[in-house]
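**Student:** Here you go, one structure.
The values are calculated or read from the model by the stated rules, or taken from the named source; none is laboratory data. What you see is a predicted model; the values in this text were computed from it and never measured. Heads up, the Cβs are rebuilt from the backbone with ideal geometry, glycines too, and the neighbour counts pull from every protein chain shown. Quick note on the areas: whole protein, heavy atoms, side chains included, nothing else; ligands and nucleic acids left out. Shrake-Rupley method; radii C 1.70, N 1.55, O 1.52, S 1.80 Å.
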Amino acid sequence: MYIHLDFNLYSCDKRHSIAGRKNRPPGTQINQRHSSSLRWDRNRFNCTNINEIQISERNRGTGWSKIVDIGTFEGQKLAIQRMSTFKNPKWSRDKRLYLFMKNLLMRDQLNHPSLIKMFGYCLRHVKGEGHINSSYYGDFSVVYEYGVEIDMNALNLTIADRLTHAADLASLLSYLHYSPLGTLVDYDIKSEHFIMVNGKIKLIDLDFMNNVGQTCFLSSSHKKFKPCPFHIKCQELNDVEIRFTNCQAVPCEVGVCRGEATIYNIQKINKIFFQVLLKPKFFPVGLNYSLSRLLKQLHKNNIDVDALEKEIRNITLAYKYFKTTKKRLL
């Protein structure tokens, strides 16, 4: 026997909120339902006290633009990112600095529980600002909460854990779609850019995240015409988007693959997480139909962020109903 329930989870206010979001032009959505009620102290550390963090592990992690040290402050474990000195012809010092600062600024503008918390930073100087004879690498550090690497296949998760993680990730996808910066795409989504913090999966790298939709040409006869990915139709630029192009013609030949960003994000998160978390074999047989249907929709890129959140809530409520009914039968 399969349980298929379609719970109406939206209150009247919430339905109105969602309708309002969809009617706003890109870049103006403010999704309050994703904002954490607990605002962390992002100014906890600055140049006056950042050196009080006791470093226990240096160079714990490295990347193109940053090095990560591990330290403690008043008993709390922390991760400290600093500018990488890695030398690569393709990654100049200016490029590394740009990515390092972008990661900080993107994190400072966004607020979601599934994004790594930033506790402050210190910028005293950067190498290359004119001190030609200086041997300093630079003095630029950012403090983040500490987490551990994730191996999804090695995690010992309960069904409740799986559903909670899936709901959190769906919420993150929705937040990126309706973010205060406009719809965001992360072109560097990979498993190593997520960590586990106190039992919660969090995204840690935001330096390749942007709100620039893939451009396209409205006419298939254009010499540079290339179809949008995911079978999306090329759409005209709105008043905000057209300001940031070189398009002077009227009408403009350039368009945007609107919707590509969110589908891309969902596709990547699905491959890394949903396909593992929501495998029907880990759940009661009564939920197999709903789970298989959802995974099929995800595989075919045939579900939006609102429907994704709703489906995971429905499955969660169905699981709770299943547990309650089973107890009663016993």
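**Student:** Could you grab me the full set of residues in the stretch 264-276 that are aliphatic (A, V, I, L, M) and surrounded by 21 or more Cβ atoms within 10 Å (Cβ to Cβ)?
**Tutor:** I266, I269
**Student:** Now for a separate question. Of the conditions (1) more than 29 Å from K190 (Cα to Cα); (2) open to solvent by 10 Å² or more (accessible area, probe 1.4 Å), H299 fails just one. Which one is it?
**Tutor:** (1)
**Student:** So which residues in the stretch 209-224 are in contact (Cβ under 8 Å) with a residue 40 or more places away in the chain and farther than 22 Å from C252 by Cα, if there are any at all?
**Tutor:** If the condition is that a residue be in contact (Cβ under 8 Å) with a residue 40 or more places away in the chain and farther than 22 Å from C252 by Cα, then M209 is the only one that fits.
**Student:** Further question: With the stretch 225-330 as the region, which helices (runs of 4 or more DSSP H) entirely inside it contain at least 3 residues that are free of Cβ contacts under 8 Å to residues at least 24 places away in the same chain and under 18 Å from A166 (Cα atoms)?
**Tutor:** Passing ranges, in order: 288-299, 305-329.
**Student:** Further question: Residues in the stretch 147-155: is at least one in contact with a Phe, Trp or Tyr (Cβ under 6 Å, 6 or more places away or on another chain), at pLDDT below 95 and β-branched (V, I, T)?
**Tutor:** yes
**Student:** Could you list all residues from the stretch 190-226 that are surrounded by 15 or more Cβ atoms within 10 Å (Cβ to Cβ) and closer than 15 Å to D168 by Cβ?
**Tutor:** Scanning the stretch 190-226 gives F194, I195, M196, V197, I201, K202, L203, I204.
**Student:** Might you check whether a residue that is at pLDDT below 95 and part of a helix (DSSP H, G or I) occurs anywhere in the stretch 161-177?
**Tutor:** No - not one qualifying residue is present in the stretch 161-177.
**Student:** Would you mind stating whether K202 is under 30 Å from M118 (Cβ atoms) and among the charged types (D, E, K, R)?
**Tutor:** yes
**Student:** Then there's this: Report, ordered by the first and then the second residue, all pairs with beta carbons closer than 8 Å, sequence separation of six or more or different chains, a first member in the stretch 43-59 that is within 9 Å of F73 (Cβ to Cβ), and a second member that is assigned to a loop (DSSP other than H, G, I, E, B) and not charged (D, E, K, R).
**Tutor:** F45/I53
**Student:** Does at least one position in the stretch 92-102 carry a residue that is over 21 Å from K310 (Cα atoms), open to solvent by less than 70 Å² (accessible area, probe 1.4 Å), at pLDDT below 90 and of a type in the set (K, R)?
**Tutor:** Checking the stretch 92-102: at least one residue is over 21 Å from K310 (Cα atoms), open to solvent by less than 70 Å² (accessible area, probe 1.4 Å), at pLDDT below 90 and of a type in the set (K, R).
**Student:** Another question, then. How about the stretch 103-117: which of its residues are touching a residue at least 60 places away in the same chain (Cβ under 8 Å) and open to solvent by 60 Å² or more (accessible area, probe 1.4 Å)?
**Tutor:** Passing the criteria: D108, Q109, K117.
**Student:** For the stretch 118-126, check the following and say yes or no: at least one residue is at pLDDT below 90 and open to solvent by 60 Å² or more (accessible area, probe 1.4 Å).
**Tutor:** yes
**Student:** Only one of these conditions is not met by T183: (1) within 13 Å of the chain's Cα centre (by Cα); (2) outside any loop (DSSP other than H, G, I, E, B); (3) of a type in the set (S, T, N, Q). Which number is it?
**Tutor:** For T183, the exception is condition (2).
**Student:** Moving on to the next point. If D205 satisfies every condition in (1) in contact (Cβ under 8 Å) with a residue 40 or more places away in the chain; (2) within 22 Å of L298 (Cα to Cα) but one, which is the exception?
**Tutor:** So the condition that D205 fails would be (2).
**Student:** Separate question: Take the conditions buried (at least 18 other Cβ atoms within 10 Å of the Cβ) and in contact with a strand residue (DSSP E or B) (Cβ under 6 Å, 6 or more places away or on another chain) and apply them to V143. Does it pass?
**Tutor:** Yes; evaluated as a whole, the condition is true for this residue.
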